[in-house]
Structures are given as C-alpha cells and as structure tokens.
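The values are calculated or read from the model by the stated rules, or taken from the named source; none is laboratory data. Just so you know, these numbers come straight off a predicted model, no measurement behind them. All Cβ positions, glycine included, derive from the backbone under ideal geometry; neighbour counts span all protein chains shown.
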C-alpha cells in the first residue's frame, strides 16, 4: 500500500462522484476475516447515501497508524487491538469517543463489561470493540481415550492437568536391550531421573504455542502490576506460576523437549502439533476452530476453561482481548467515521461479522440464532469465559512491550535452569520498575494539558 508520510500532503479525493463522503478505513485482517468485514462495510454503504467507506487491508497497521497520525494524514477509521489503546492514547494518536457515544446512547451496559473497560484509558473511551477473543484449553479426545482417560472430561485443576499431561506423554527408551514405547507415568523413578528417552507424544508444554509466556501467572492468581505504579511480577503467585513452567524441563529433560519441539510443523497447517496429534492439550483462542475445520476436520476435540491453581467461585480464569475500531487524531471525517463505527456496533452487524470470522459478539445480548448458527460447537465456552470476573486483560502499561520482553527473557533463563525463579523475576521487577517510573514521570508532565484539551471537546 502507499503510505503518505509526514510532510507529503494528501490530495486524495474526499467525496465520491455522486457526492458521498469517503471514509477511509484501515484494517489488519486478510483472507476470510477481511471478507467478513467487507460484507459489513458493503451493508453499511448500501444502508444510506451520504457516506462511502473504503476498506483497505494494511499489514503492520499499528506502526503505520502512528506514522500517518504523526504526519497529519491518518485514515478516518482503523482496526487495532485493545492492548494497543493505552499506547496510542498516550501518544496523542486517537480521538476520544465519549461525546459520540453519549449522543448515540451507547454505554458500558451494552457490552460484556470487561471488553468495554479495555476500550477505556485514563477516564476516556477511545475505541469500540468488534471481535473479542478468550483463551481456553483444547484437548484431543482420541488421545484421551487411548490413554484410558474420559474423553469428555477435561482436567479441572492444575494437579489433575499435570497428571493427565504425564499420562498423555509417550516416550521411547531402551529396556534390557530392546527399544520400547511407554507412557511417562509408567516409567520407573530411575528412568525418569535419567531422562534417557525420546518423546514421541507430549501431553502438554507451556512453550507451545508460546504466545502468552508472560501471562501464565494469571492462572495462579498472579498480577503483573498493581494497576497504578508498582510492578508485581515477583509476587509469590507469579513465582508459583514460573516454578510450574520450569518443572517441564526438570521432568522431561530440556534436550528431550527441544528435540521434540524441533519436529513441530507450522501453526495453521496440517503439521501443527496439536492438529497432527503430537501434543494432546493446548491453550488457544476460539479461532483454533477455524484451523481444525480447515486442516484436521476429522479431529475429535473439546474446549474448556484452562484450570487454575486456585479455583475461584467468581469465575474461570482467561485472557481477554478484542479487536477494536478507533478514530485516529486528525482524521478528516470523524463524524462520518463514528457513524460507521456505530453501525458496526449494532447487534445485527456484530453478529454477522463474528459469524463470518467464527468469533463471538462483544455485546451483552446476543440472539439465540447467533449461537444456533455458529459453526464452532464450543463457542459458548469462550463467551462464558469473557463474562467471567476472572477474565484478565493485557496490562495497560505504556511500557508493556518492554515488560513483556523482559518476562520472556526471564522465562528462557528459568527454562534453561540458569537461575532461580525468584532471582529471574526479581531482575525483571527491578529493570521494568525503573522503566515504568521514568514513563510515568514523562506522562505526568503532559497529562494535565492533554486531558484538559480532550475534556474540552
């Protein structure tokens, strides 16, 4: 795509030949996800004769949005993620939506509360959601049955989960001069200690798919910050989580796990280790159904909440995020842009979009027809998780990317056995706290002026 850079000017037409205002919409989706949104865009364009939305699929939309906003030539609408809102808002790259939603009668009560809350930052609403996602345990029912486990009963505690994981792990080793395959829980203590085996099938590994290494503490009742100014990565709950993480190379052998992991095929392919039956249990979002349907339609599988170390009657633990629509600061047509966003956030449009993408609606109310027609047989699991009081968002920190990288480095050190869990997390706390203190001082210096500016609008 052509990106108009700072100082380059913008001579793009603002109206169609028949006089409709052109709203330029950048979206990160491609493939069937983009087509699902294009169908909603087409419906909006056909519903009235004043506005025409032009949708463009843009790779690296977050970086390009910041560049175009800085250059004074942003799109009118952009599709980003909830975990980027705080960064964009504090960089002055977004237009607050409070006055628009107030006039439109849109409020928190219309949405799953935790999803709406992720669209706010420092007392302002910066986005409205489109397609949310939660994480859940996926398990291979056939492998459960072969292991003598009830294929319809997933583990409900971390202890039970680990027992299942060992039962579902198959290794190959020499016994009395003969090469044999046995389940991990059938090894002798001496064989487990020696680790002279090859892994053939693995019950679970927290390194696969490895997309949420920094968030494992959530399932152990851990928090990564206090919501204000203090980094809390080294609390006992997080120590407990990363001890669990580090128990995998201790039990199965780091070299054995690395060798087995090297055999994994690409995600979203028939060689994906969960789809091919190499790994029996994995944590994934509702999107996993799309790849099961495409690459392993014969797979017998189930989805359930990933078990927590300390179950809470208030609800199951999950990570919750959402795709969202924002109006960049300096957009040419913010009023028309919001009219489109408002249309997308109607029940009919959101249900059409989420059926097309095989996700779930962020609205508090959905039609019975939506659930009945949804192709994912486990979609209600993900919807219920989103409504849980223990649905956790990504931390809304201005230095989150640096924090995430530090935790990942620490997790690698823990996995390799290079340090204790306590020391690794203490090192993260010290480095990130320094960065957070500096960022807060910087933002405090400009916050009053910026909030006063937006509050006056």
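Some values worked out for this structure:
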read-out: Among residues of segment 18-35, those that are buried (at least 20 other Cβ atoms within 10 Å of the Cβ) and either within 23 Å of the chain's Cα centre (by Cα) or over 20 Å from residue 332 (Cβ atoms) (or both), counted; value: 5
read-out: For residue 311: the one exception among (1) on the phi < 0 side of the Ramachandran plot; (2) surrounded by fewer than 21 Cβ atoms within 10 Å (Cβ to Cβ); (3) touching a helix residue (DSSP H, G or I) at 6+ places or on another chain (Cβ under 9 Å); value: (3)
read-out: Complete set of residues in segment 44-72 that are surrounded by 15 or more Cβ atoms within 10 Å (Cβ to Cβ) and closer than 16 Å to residue 344 by Cα; value: 44, 45, 51, 52, 53, 54, 55
read-out: Hits in segment 358-373 (condition: surrounded by fewer than 22 Cβ atoms within 10 Å (Cβ to Cβ) and within 18 Å of residue 35 (Cβ to Cβ)); value: 358, 373
read-out: Leading residue by the ranking (farthest from the chain's Cα centre (by Cα)) among those in segment 158-186 that are in a helix (DSSP H, G or I) and exposed (fewer than 15 other Cβ atoms within 10 Å of the Cβ); value: 186
read-out: Residue check for residue 425: modelled with pLDDT of 95 or more and either in the same structural domain as residue 92 (by TED's automatic domain parsing) or not in a helix (DSSP H, G or I) (or both); value: no
read-out: Candidates 96, 132, filtered to the one that is surrounded by 17 or more Cβ atoms within 10 Å (Cβ to Cβ) and in a loop (DSSP other than H, G, I, E, B); value: 96
read-out: Selected residue (criterion: nearest to the chain's Cα centre (by Cα)) from residues of segment 200-223 that are in a loop (DSSP other than H, G, I, E, B) and free of Cβ contacts under 8 Å to residues at least 60 places away in the same chain; value: 211
read-out: Yes/no for residue 276 being under 30 Å from residue 170 (Cα atoms), in the same structural domain as residue 140 (by TED's automatic domain parsing) and at pLDDT below 95; value: no
read-out: Qualifying positions in segment 327-348 - assigned to a helix (DSSP H, G or I), touching a helix residue (DSSP H, G or I) at 6+ places or on another chain (Cβ under 7 Å) and buried (at least 21 other Cβ atoms within 10 Å of the Cβ); value: 338, 340, 344
read-out: Qualifying position, being more than 27 Å from residue 421 (Cβ to Cβ) and either in contact (Cβ under 8 Å) with a residue 60 or more places away in the chain or outside any loop (DSSP other than H, G, I, E, B) (or both), among 277, 265; value: 277
read-out: Count of residues meeting criterion [in contact (Cβ under 8 Å) with a residue 40 or more places away in the chain and farther than 18 Å from residue 263 by Cβ] in segment 173-194; value: 1
read-out: Some residue of segment 417-425 being touching a residue at least 24 places away in the same chain (Cβ under 8 Å), closer than 30 Å to residue 122 by Cα and buried (at least 20 other Cβ atoms within 10 Å of the Cβ); value: yes
read-out: Restricting segment 224-258 to residues that are part of a loop (DSSP other than H, G, I, E, B) and either at pLDDT 95 or above or assigned by TED's automatic domain parsing to the domain that holds residue 311 (or both), the residue that is surrounded by the fewest Cβ atoms within 10 Å (Cβ to Cβ); value: 230
